[in-house]
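Structure below; questions to follow.
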Amino acid sequence: MIELQNITKSFDGREVLKGISMAFEAGKTNLIIGQSGSGKTVLLKCLLGLHKPDGGKMIFNGQVLNEMDDTASRTLRREMGMVFQGSALFDSMTVLENVMFPMQMLTKKKESVIREAAEEVIERVNLIDAHHKLPAELSGGMQKRVAIARAVVMKPKYLFCDEPNSGLDPKTAIVIDNLIREITRENNITTVINSHDMNSVMEIGDTILFLKDGIKAWEGSKELIFKTDNEAITDFVYSSNLMKKVKEVYQ
Amino acid sequence: MRRLIFQEIQDLIIGSLGIVVFLSFFVGGVVSIQTALNIDGPFIPKNLVGFATRQSMVLEFAPTFMSIILAGKVGSFITSSIGTMRVTEQIDALEVMGINSLNYLVFPKIIAMLLLPLVINISMFLGILGGYAATIYGGFSSTADFIEGIQLSFQPFHVVYAFIKTLIFALVLATIPSYHGYFMKGGALDVGKAATVAFVWTSVVIIVLNYIVTQLLLT
């Protein structure tokens, strides 16, 4: 479980996060949604330890990340997996090497054991035939699946995804969403996903945090979105005609 | 880490041998031709061609100018490869995994670049060989005169001096481009800009350090 208590963050005097408090539960897919510039990415980078918040606490199962020294935070980060928006796969490595990489760097396990673990995860994301391909030879959806495999190969307690289905067609996006949800439930991971894709919200949004101008404007589940009267979230959700029609049908 | 170091040796050192061999041989040839054409006089010994070629190659061309040439080749490779990793969030990925990205990316490059004196050694040898070939085939001097010239007033400390400054330049070649790649901000266009800035700064620092080291060791 991850608990955020009154997180604030500013850049050059501009307040980007204004006192965010939230709890992300294990075994659930927790979504952070909001318009571009609402502070989603900054919040995610704070959670990853890539930005240090100016105030507040980020508590990972009782450990306060932003009060740790470098060594301790690096150790905690080894319990995290991250799927970057652009996948961030290592260009010069094959799919198998990319997935084996965290274990090679962070464990002292035998090469054969690491290989076996990596192959198991690659099989889990249905990429068994792409072992020896380089990232440049893969489609966007395949790259995302490799990134997921690399993120979960170390069996993390926390999984973070930044716009995991951006740039993907709707069908592939659903495959990626479902894969993340299944892995989250199978391994009881605390998953936090940054998204502005309403399909993802409706597909996998167990818990949703809606940010607007750096403020927590709403929180709830995907079921509650259609019932809420909160102006901020309704403005965001029903900005497209498709979602307006979905609401009509739902009601 | 060992695998990374070997990979960097392959990319930075072995990958540079081609250009080093080519440039050294021909620059050595040009130095000897220029020397031969400009010292034509009855009182100037013919062995001066070999002497001047050796001194030019050992003292300056191989260690200093080859390092500046490598600032273009190796330096831009380092900046652009690390910069691309920064732009594509690969460095963030390393950090999130709990890996010290600076150590992972820069340390193997520093270790690999410590082999630069070997490259410079090859450059010295081929420069003198190029000078010899140009002298003999151009008919400027005899083999005996050239060999006598390259042995004339030889001071082993000059080679030591060349290797000392090569080691210093090697550290500059590994660190300045790494810094510009690692701390760059922006997109693909900025990777190119960072590589250019890194080359300029690496060259400037090499030239300044060359002056300081020469002042300290040879005067």
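Let me confirm something: among A:82, A:103, A:93, which residue is under 16 Å from the mean Cα position of the chain (by Cα), within 12 Å of chain B (Cβ to nearest Cβ), at pLDDT 85 or above and closer than 18 Å to residue B:91 by Cα?
On inspection, the qualifying residue turns out to be A:82.
Restricted to segment A:56-69, and to residues that are surrounded by fewer than 20 Cβ atoms within 10 Å (Cβ to Cβ) and of a type in the set (A, V, I, L, M), which residue is nearest to the other protein chains (Cβ to nearest Cβ)?
Only one residue fits best here, namely A:68.
Here is a further query. Is it the case, given these coordinates, that residue A:99 is surrounded by 22 or more Cβ atoms within 10 Å (Cβ to Cβ), more than 21 Å from residue A:42 (Cα to Cα), in contact with a strand residue (DSSP E or B) (Cβ under 7 Å, 6 or more places away or on another chain) and among the hydrophobic types (A, V, I, L, M, F, W, C)?
Taking the combined requirement at face value, the residue does not satisfy it.
Oh, and also: In segment A:43-55, how many are surrounded by 18 or more Cβ atoms within 10 Å (Cβ to Cβ), away from chain B (no Cβ under 13 Å) and free of Cβ contacts under 8 Å to residues at least 60 places away in the same chain?
1
Can you report the number of residues in segment B:10-33 which are touching a Gly at 6+ places or on another chain (Cβ under 9 Å) and either of a type in the set (Ser, Thr, Tyr) or within 30 Å of residue B:103 (Cβ to Cβ) (or both)?
2
The conditions are (1) part of a loop (DSSP other than H, G, I, E, B); (2) farther than 27 Å from residue A:180 by Cα, and residue A:38 fails exactly one of them. Which is it?
(2)
The rows are residues; the columns are (1) hydroxyl-bearing (Ser, Thr, Tyr); (2) touching a Pro at 6+ places or on another chain (Cβ under 7 Å); (3) buried (at least 16 other Cβ atoms within 10 Å of the Cβ).
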| residue | (1), (2), (3) |
| --- | --- |
| A:155 | no, no, no |
| A:162 | no, no, yes |
| A:172 | yes, no, yes |
| A:176 | no, yes, yes |
| A:207 | yes, no, yes |
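Take segment A:106-124 and flag every residue that is in contact (Cβ under 8 Å) with a residue 24 or more places away in the chain and either facing another protein chain (nearest Cβ under 9 Å) or under 18 Å from residue A:141 (Cβ atoms) (or both).
Hits for segment A:106-124 are A:106, A:121, A:122, A:124.
In segment B:116-130, is there at least one residue being modelled with pLDDT under 90, of a type in the set (Phe, Trp, Tyr) and surrounded by fewer than 18 Cβ atoms within 10 Å (Cβ to Cβ)?
Within segment B:116-130, not a single residue is modelled with pLDDT under 90, of a type in the set (Phe, Trp, Tyr) and surrounded by fewer than 18 Cβ atoms within 10 Å (Cβ to Cβ).
Scan segment A:49-97 for residues that are charged (D, E, K, R) and in contact with a Lys or Arg (Cβ under 9 Å, 6 or more places away or on another chain) and report the count.
4
Give me the pairs, please: first residue somewhere in segment B:61-72 and within 14 Å of residue B:15 (Cβ to Cβ) and surrounded by 24 or more Cβ atoms within 10 Å (Cβ to Cβ), second residue anywhere and polar (S, T, N, Q) and at pLDDT below 95, beta-carbon distance under 8 Å, and either six or more positions apart or on two chains.
B:70/B:16
Next up: Just to be sure I understand, how many residues within segment A:39-75 are of a type in the set (Ser, Thr, Tyr) and under 16 Å from residue A:156 (Cβ atoms)?
2
Checking residue A:242 against (1) buried (at least 20 other Cβ atoms within 10 Å of the Cβ); (2) not in a loop (DSSP other than H, G, I, E, B): exactly one of these is not met. Which one?
Failing condition for residue A:242: (1).
Residue under question is residue B:163, and the condition is that it be outside any helix (DSSP H, G or I) and within 28 Å of residue B:219 (Cα to Cα); does it hold?
no
Here is a further query. Out of (1) in contact with a strand residue (DSSP E or B) (Cβ under 8 Å, 6 or more places away or on another chain); (2) within 14 Å of chain B (Cβ to nearest Cβ); (3) surrounded by fewer than 19 Cβ atoms within 10 Å (Cβ to Cβ), what's the single condition that is false for residue A:22?
The single condition residue A:22 does not satisfy is (2).
Conditions tested, residue by residue: (1) closer than 26 Å to residue B:201 by Cα; (2) without any contact (Cβ under 8 Å) to a residue 12 or more places away in the chain; (3) out of contact with any Leu (no Cβ under 9 Å at 6 or more places or on another chain); (4) surrounded by 14 or more Cβ atoms within 10 Å (Cβ to Cβ).
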residue: B:150; (1), (2), (3), (4): no, no, yes, yes
residue: B:155; (1), (2), (3), (4): no, yes, yes, no
residue: B:166; (1), (2), (3), (4): yes, no, no, yes
residue: B:170; (1), (2), (3), (4): yes, no, no, yes
residue: B:173; (1), (2), (3), (4): yes, no, no, yes
residue: B:190; (1), (2), (3), (4): yes, no, yes, yes
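Oh, and also: Every residue in segment A:44-79 that is polar (S, T, N, Q), modelled with pLDDT of 85 or more and not in a strand (DSSP E or B), please.
Within segment A:44-79, just A:61 meets the criteria.
Now for a separate question. Could you please find all residues in segment B:92-108 being among the aromatic types (Phe, Trp, Tyr) and within 11 Å of chain A (Cβ to nearest Cβ)?
B:104
Only one residue in A:117, A:149 is buried (at least 22 other Cβ atoms within 10 Å of the Cβ) and either assigned by TED's automatic domain parsing to the domain that holds residue A:203 or at negative phi (or both), so which one is that?
A:149
Okay, next question. What's the number of the only condition in (1) of a type in the set (A, V, I, L, M, F, W, C); (2) buried (at least 17 other Cβ atoms within 10 Å of the Cβ); (3) assigned to a helix (DSSP H, G or I) that residue A:224 fails to meet?
(2)
Which ones in segment B:31-48 are in a helix (DSSP H, G or I) and surrounded by 14 or more Cβ atoms within 10 Å (Cβ to Cβ)?
Residues satisfying the conditions are B:31, B:32, B:33, B:34, B:35, B:36, B:48.
Can you say whether residue B:68 is on the phi < 0 side of the Ramachandran plot, touching a helix residue (DSSP H, G or I) at 6+ places or on another chain (Cβ under 9 Å) and part of a helix (DSSP H, G or I), as far as the supplied structure shows?
The answer is yes for residue B:68.
The values are calculated or read from the model by the stated rules, or taken from the named source; none is laboratory data. What you see is a predicted model, and the numbers here were worked out from it, not measured in a lab. Positions of Cβ are backbone-derived with ideal geometry, glycine not excepted, and every protein chain shown enters the neighbour counts.
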